[in-house]
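The structure under discussion appears below in the form of structure tokens.
The values are calculated or read from the model by the stated rules, or taken from the named source; none is laboratory data. Worth saying up front: this structure is predicted, and the values here are computed from it rather than measured. Here the Cβ positions follow ideal geometry from the backbone for every residue, glycine too, while neighbour counts run over all protein chains shown.
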Amino acid sequence: MEEFALTKIVNHHGTEREKLMPILQEIVDKQSYLSDDDMVKVANALQLSAAEVYGTASFYSFLPTQKRGIYVIRVCKSIIARMKGSQEVLQAISDQLNLKPGETTADGLFSLEEVNDIGWSDHEPAMLINDKVYTDLTPEKATRIISKYLEQASQSKLSFNPTQN
């Protein structure tokens, strides 16, 4: 991230230790991931060690430290999700996009991740695509959702809005 933009974010939030998370979240909102350089700059601005900033970022799946696709698909892998079929849902998505968890499609459109919990245990299997929640999934329902994203993305990446019906 440009030095000016990062300085603006830090100035907006402040330099107290407890502002680390909001600063990291805003950087991710603006560029979709945290580069090593960004984390070092944040550490310097907040007078923290780079290891502390990296440790915080790497602990949370929502603070990626590697570039991801435009649309990040997160499939819950909790024990409840697994009991209700999340592995089959994950496999269907993986097959459809020819993508394994932790990978990004060659066109940079999708990244696929397994995460410990997304907070929808009463409606598992569940997934997030960016901030949009999809619950009570089956493999068929999940692939229909992904097909909708693919169809709309192919029509126009500029006007792409997967939440439209």
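Quick test of your reading of the structure: Leu6 fulfils all but one of (1) of a type outside the set (Val, Ile, Thr); (2) closer than 28 Å to Thr105 by Cβ; (3) crowded, with 18+ Cβ neighbours inside 10 Å. Name the failing condition by number.
Condition (2) is where Leu6 drops out.
Residues being in contact with a Phe, Trp or Tyr (Cβ under 6 Å, 6 or more places away or on another chain) and closer than 16 Å to Asp95 by Cα: count how many of those fall in the stretch 128-144.
Result for the stretch 128-144: 0.
Please identify the pairs in which a residue from the stretch 123-150 that is assigned to a loop (DSSP other than H, G, I, E, B) has its Cβ atom under 6 Å from the Cβ atom of a residue that is small (Gly, Ala, Ser), counting only partners at least 6 apart or on another chain.
Hits for this filter: Glu124/Ala81; Pro125/Ala81; Pro125/Gly85; Pro125/Ser86; Thr135/Ala126.
State which residue is surrounded by the fewest Cβ atoms within 10 Å (Cβ to Cβ) when the search covers only the stretch 78-133 and only residues that are within 25 Å of Tyr33 (Cα to Cα) and among the acidic types (Asp, Glu).
That would be Asp131.
Given the criteria at pLDDT below 90 and not acidic (Asp, Glu), does Lys30 qualify?
yes
Going by the conditions given, is Leu137 under 18 Å from the mean Cα position of the chain (by Cα), among the aliphatic types (A, V, I, L, M) and modelled with pLDDT of 85 or more?
No.
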